[in-house]
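This structure is in structure tokens; I'll ask about it shortly.
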Amino acid sequence: MSGKTSSSQKNRTSRLAKRRQKTQTVVAVVALVLFLFGIAGALWGLWQPVVRISKVTVINGDASLLTYTEFPLMGSYVGIVPRNSIFFFPERTIRADILADRPELAAVSISRDGLDAIALKAVERVPVARWCGIEKVDAEYTCFFFDAGGYIYGATDAFLATHTLNPYKLFAPISGSPENPVRASILSADSLPGVFDFARHLADIGGEVVSIRLHEDEVDFFLLDLSLETEREEGTRITYILGQEELAFTALVSSQESYSLSNGSIEYIDLRFSGKVYLKRKE
């Protein structure tokens, strides 16, 4: 009897196991079917016009930026997801393309405007002054704007040159080629705020700075001289050690009674030696 009971229990257990396995298989198949239906439904939804970008606007900027969105929004990703889907449009590609081609822009933000539109907003670089090359004798220069970080980004003209925060021409070494300076950086850019402050202080005591030249660890300021008949109109030169603006200006002011910066009578003033002022008058 015990043998028959044991055999019956085994058969019952086997039938239960098969039933559980069948149930699990059915559940798995149903789950897979529902998952595939869900994926298919989602893909169908992504192709609906209501969630596809049909309008692009530019906020407070150049309308030509719209051209950078035309190609990236065409077609699809491997034939499955439309590239103009409001959920999967190539935001990084659009931004990178614009910044690569428009160095005068510091940043570009792209935001969704509903379910079928996006908006571009560009932030332009603020021109701090003009970089005009490295010093060359009797040479003509094409000047370029640069921003507060020393990034050079665009050629200037006579009108635009008046729109900089500092009116001076800067001659200084850069990270790239002087013949093709756009997107290069001024090597000593972190020192420029102090240099420009010094130039403004010179204006307070009668010296109008025309150009500034950085070379090695020294700075040369050239003041306006209206008595000259050259285009450069550069007169008095003032030299000091880069980074020592406060010491140099203190020394300059302390001997102010012995010279004038406004009449072009001084050839140069040398402030490179701490606490001392060496000057040469024009003959």
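The values are calculated or read from the model by the stated rules, or taken from the named source; none is laboratory data. Please read all numbers here as calculations on a predicted model, not as lab measurements. Ideal geometry is used to build each Cβ from the backbone, glycine not excepted, and the neighbour counts take in all protein chains shown. Just the protein is used for accessible areas: all its heavy atoms, side chains included, with ligands, DNA and RNA removed. Shrake-Rupley method; radii C 1.70, N 1.55, O 1.52, S 1.80 Å.
Applying the selection to region 250-261, what residues are surrounded by 15 or more Cβ atoms within 10 Å (Cβ to Cβ), in a loop (DSSP other than H, G, I, E, B) and either of a type outside the set (Ser, Thr, Tyr) or touching a residue at least 24 places away in the same chain (Cβ under 8 Å) (or both)?
Passing the criteria: only LEU261.
If you don't mind, there's one more thing I want to ask. Picking from LEU247, LEU242, LEU279, LEU192, which residue would you name as being out of contact with any helix residue (DSSP H, G or I) (no Cβ under 9 Å at 6 or more places or on another chain) and open to solvent by 20 Å² or more (accessible area, probe 1.4 Å)?
Step by step, each of LEU247, LEU242, LEU279, LEU192 is checked, and only LEU247 is out of contact with any helix residue (DSSP H, G or I) (no Cβ under 9 Å at 6 or more places or on another chain) and open to solvent by 20 Å² or more (accessible area, probe 1.4 Å).
Restricting attention to region 113-134, does a residue exist that is modelled with pLDDT under 90, more than 23 Å from the chain's Cα centre (by Cα) and under 22 Å from PHE145 (Cα atoms)?
yes
Please work out if GLY264 is touching an Asp or Glu at 6+ places or on another chain (Cβ under 8 Å), of a type in the set (Gly, Ala, Ser), open to solvent by less than 70 Å² (accessible area, probe 1.4 Å) and not in a helix (DSSP H, G or I).
yes
For the subset of region 109-123 comprising residues that are touching a residue at least 40 places away in the same chain (Cβ under 8 Å) and assigned to a strand (DSSP E or B), which member is surrounded by the most Cβ atoms within 10 Å (Cβ to Cβ)?
By that ranking, first place goes to LEU120.
Criterion first (under 28 Å from the mean Cα position of the chain (by Cα) and surrounded by 14 or more Cβ atoms within 10 Å (Cβ to Cβ)) does ILE59 satisfy it?
No: the conditions fail for ILE59.
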